[in-house]
Amino acid sequence: MFERVLIANRGEIACRVIRTCRRLGIRTIAVYSEADADAQHVRLADEAWPIGGPRPADSYLRTDAILDVARRSGAQAIHPGYGFLSENTAFARACADAGIAFIGPRPESIDAMGSKAAAKALMEKHTVPLVPGYHGDNQDTDFLAEQARRTGFPLMIKAAAGGGGKGMRIVRAEKEFADALASAQREAANAFGDTRVILERYVEHPRHIEFQVFGDTHGNVIHLNERECSAQRRYQKVLEETPSPFLTPERRAAMGAAAVAAALAVDYVGAGTVEFIVGQDGEFFFMEMNTRLQVEHPVTEETLGLDLVEWQLRVAAGEPLPLRQEDIRAHGHAIEVRLYAEDPEQNFLPGSGKLLRLRLPERSRHVRIDGGVIEGDTVTIFYDPMIAKLIVYGADRPQALQRLRDALMTCEIAGPKSNIAFLERLTRHPAVVEGRIDTGYLDRHLDEFLAGDTAPAPRMLFAAAVAALLHDEGVTATAARYGADPFSPWARADAWRVGHAGKRIVALSLREQRYEIEAHGHDGDYRLRHGDAECHVTGARHDGETLSARFDGEAQRLPLRADAQRVLVHDADGHRHAFTRAEAFAWASKEGAGGNQIVAPMPGRIVLVRAKPGDQVEEGQELLVMEAMKMELALKAPRAGTVDSIGAAQGDFVEADAVLVRFAT
């Protein structure tokens with residue numbers, strides 16, 4: 001076994017590899033960019049070395065810098081994690097040339113499977129079912145347009161070297177093809193440094209089911225069962241689980257055999273994933289093979305009781321697979337979701353900023369957290385904005401789903417916006433509960449998973465106000481105990497005044513809407529009013545996690561947390577309401593220039609400018625394309641009008657809220 005391993009990655013996966021290495025007594029060497037100098041993987045590793053600037057191209061994608069650190073630090077092996085250089089043939093070959101073990105497949109296997117086009121050609125030779133389409137070398141635009149016509153619409157454009165939803169577009173009509181192709185190629189070039197694409201007939205309402213495979217240097221290849229990843233938004237996996245609620249034992253056996261055959265075709269060594277598109281009738285087609293460990297590997301680990309990173313290390317050290325195919329026995333059900341710094345209400349715009357609060361569920365036999373940040377860390381603009389992975393295990397799917405709901409209820413993120421509320425709605429949606437979701441379901445029914453502009457019910461406002469009142473009274477009482485006269489009525493937080501009972505205003509905001517609740521009373525007994533709604537609250541108590549009270553005589557317990565800045569409460573249906581506390585007599589307007597300008601929604605780089613001063617544009621017309629967090633964002637005209645000025649050129653890096661387009665008034 002290795003004694004010193006370098007991890008050529010960052011964030012959650014770097015921390016994950018470090019934990020296994022530490023358990024096995026292996027010293028770990030981290031590398032970090034300027035943006036990650038204080039990152040958790042740097043703190044957890046036995047030693048850490050700088051490798052360059054914050055942009056991936058200047059650090060985590062620099063083969064020369066990483067290999068230099070490996071030599072200087074005495075690393076015997078390099079674990080690439082996922083993303084970055086994990087599926088880079090040149091990097092794997094450079095490791096071998098340097099006499100350093102690459103913890104992954106052989107370069108030839110990466111080369112064969114790393115390109116979607118090459119992989120499909122190989123699978124075609126081995127009679128693995130393929131979706132009709134084009135996966136050749138000719139990338140001439142006119143030729144691709146002709147192949148698109150032959151394939152038929154709707155079709156899918158995919159980056160040949162890609163994954164993770166980057167460089168993918170659905171084209172439903174021939175007239176959309178040219179723009180979609182150009183956009184996919186730009187995104188592919190930015191994400192993978194390769195503009196090549198493949199074309200496939202788009203299978204309507206498919207499921208996405210993948211099989212974990214593992215091979216060793218002794219010629220053994222097995223599969224470790226499937227993971228269903230059909231809950232997706234714009235080709236990004238949102239929820240992953242095993243076993244699939246869709247597969248019969250017969251389908252599982254057939255797909256598992258096909259996955260093993262695909263791996264054997266390239267003499268596969270290490271961890272890999274064979275991905276299939278599965279039609280509603282159960283017919284399956286090879287999609288691609290990822291020659292690395294997947295983000296969602298923990299669900300496989302939880303149902304099999306294995307550590308796949310340990311398997312990777314042992315296989316890379318020349319050991320045979322620890323188990324045979326007949327030894328693989330799954331138990332229970334596991335589900336994973338990813339907590340992201342993103343705003344679902346703004347088209348899942350990636351976020352950045354300091355994590356002012358990060359509260360995650362306690363780890364247990366049934367709840368696992370794989371994370372790479374802690375409270376106080378900063379989510380930067382340069383990398384994927386994932387905060388943590390939440391994995392739950394249950395005896396069966398209903399129990400696992402309930403444990404996931406319970407775990408999400410305890411999550412709280414302050415600073416950048418997050419997708420927690422979206423995930424909570426997802427886990428309660430009938431399509432998910434009944435296991436009938438397909439890869440396009442979220443995009444087709446997105447409104448069902450978003451909070452929208454619906455105002456909170458008065459009961460939720462009153463509950464939040466009560467929690468705020470109890471919190472303030474508790475703080476004041478604590479301070480009074482150390483004052484000159486702790487029993488003075490002036491030392492209370494109930495707005496007591498000489499000659500009359502006090503009135504307090506509790507101001508709360510939710511999704512930029514202000515709510516004022518008028519309150520009379522103290523110590524858990526209050527009369528509350530908001531607009532025309534009134535409520536008499538008695539016996540209110542808050543233990544830090546739960547509010548119990550009688551609302552107009554009706555007893556209720558609500559999961560709730562409160563402090564001086566915010567109140568987080570879940571209603572009886574499990575819906576999350578994250579209120580921010582506001583000043584009672586001040587409210588800063590966020591109204592800006594309205595529809596007279598377009599501002600950058602976040603820091604990023606302008607990759608395309610489609611308008612110039614003087615242009616007449618229509619509402620919704622795409623004027624600029626911005627790249628941020630490895631994704632393209634289309635910036636569109638908020639109204640019809642004349643462009644007065646353009647504030648950025650192609651290639652410019654812009655800050656959040658920078659004015660990019662002004663309209664004539």
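The values are calculated or read from the model by the stated rules, or taken from the named source; none is laboratory data. No experiment lies behind these values; they were computed from the predicted model shown. Virtual Cβ from ideal backbone geometry, glycine too; neighbours counted across all protein chains shown.
Contact annotation: residue pairs with Cβ atoms under 6 Å, 6 or more positions apart or on different chains, pairing a residue in the stretch 12-24 that is more than 15 Å from Gln40 (Cα to Cα) with a partner that is part of a helix (DSSP H, G or I), are Thr20/Val309; Thr20/Glu310. Can you work out which of the residues in the stretch 615-629 that are at pLDDT below 90 and loosely packed, with under 13 Cβ neighbours inside 10 Å is farthest from Lys166 (Cα to Cα)? Looking at residues that are at pLDDT below 90 and loosely packed, with under 13 Cβ neighbours inside 10 Å, I get Glu619.
Here Gly256, Gly272, Gly282, Gly305 are screened, and the one residue that is small (Gly, Ala, Ser), in contact with a helix residue (DSSP H, G or I) (Cβ under 8 Å, 6 or more places away or on another chain) and over 28 Å from Phe91 (Cβ atoms) is Gly282. Total residues in the stretch 29-61 satisfying the condition of being within 17 Å of Cys95 (Cα to Cα) and touching a Leu at 6+ places or on another chain (Cβ under 9 Å): the figure is 5. Annotation: of all residues in the stretch 157-174 being touching a Gly at 6+ places or on another chain (Cβ under 8 Å) and not basic (Lys, Arg), the one that is surrounded by the most Cβ atoms within 10 Å (Cβ to Cβ) is Ala159.
Yes or no, residue by residue, for (1) modelled with pLDDT under 95; (2) surrounded by fewer than 13 Cβ atoms within 10 Å (Cβ to Cβ):
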site	(1), (2)
Val69	no, no
Gln76	no, no
Gly83	yes, no
Arg106	no, no
Met113	yes, no
Lys125	yes, yes
Pro129	yes, no
His135	yes, no
Ala145	no, no
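The residue of the stretch 404-417 that is modelled with the highest pLDDT, among those that are out of contact with any Pro (no Cβ under 9 Å at 6 or more places or on another chain) and buried (at least 22 other Cβ atoms within 10 Å of the Cβ), is Leu404.
So in the stretch 147-168, with the set limited to residues that are at pLDDT 90 or above and among the basic types (Lys, Arg), which one is nearest to the chain's Cα centre (by Cα)? For the stretch 147-168, the residue satisfying everything is Lys158.
The helices (runs of 4 or more DSSP H) found entirely in the stretch 80-189 that carry 2 or more residues being in contact (Cβ under 8 Å) with a residue 60 or more places away in the chain are 107-114, 116-125.
Residues in the stretch 261-282 that are part of a loop (DSSP other than H, G, I, E, B) and in contact with a strand residue (DSSP E or B) (Cβ under 6 Å, 6 or more places away or on another chain): Tyr268, Val269.
Of the numbered conditions (1) touching a residue at least 40 places away in the same chain (Cβ under 8 Å); (2) under 27 Å from Arg338 (Cβ atoms); (3) not hydroxyl-bearing (Ser, Thr, Tyr), Glu226 fails exactly one; give the number of that condition. Among (1) touching a residue at least 40 places away in the same chain (Cβ under 8 Å); (2) under 27 Å from Arg338 (Cβ atoms); (3) not hydroxyl-bearing (Ser, Thr, Tyr), the lone unmet condition for Glu226 is (1). Among the residues making up the stretch 432-451, those that are in contact with a helix residue (DSSP H, G or I) (Cβ under 8 Å, 6 or more places away or on another chain), outside any loop (DSSP other than H, G, I, E, B) and surrounded by fewer than 17 Cβ atoms within 10 Å (Cβ to Cβ) are Val433, Glu448.
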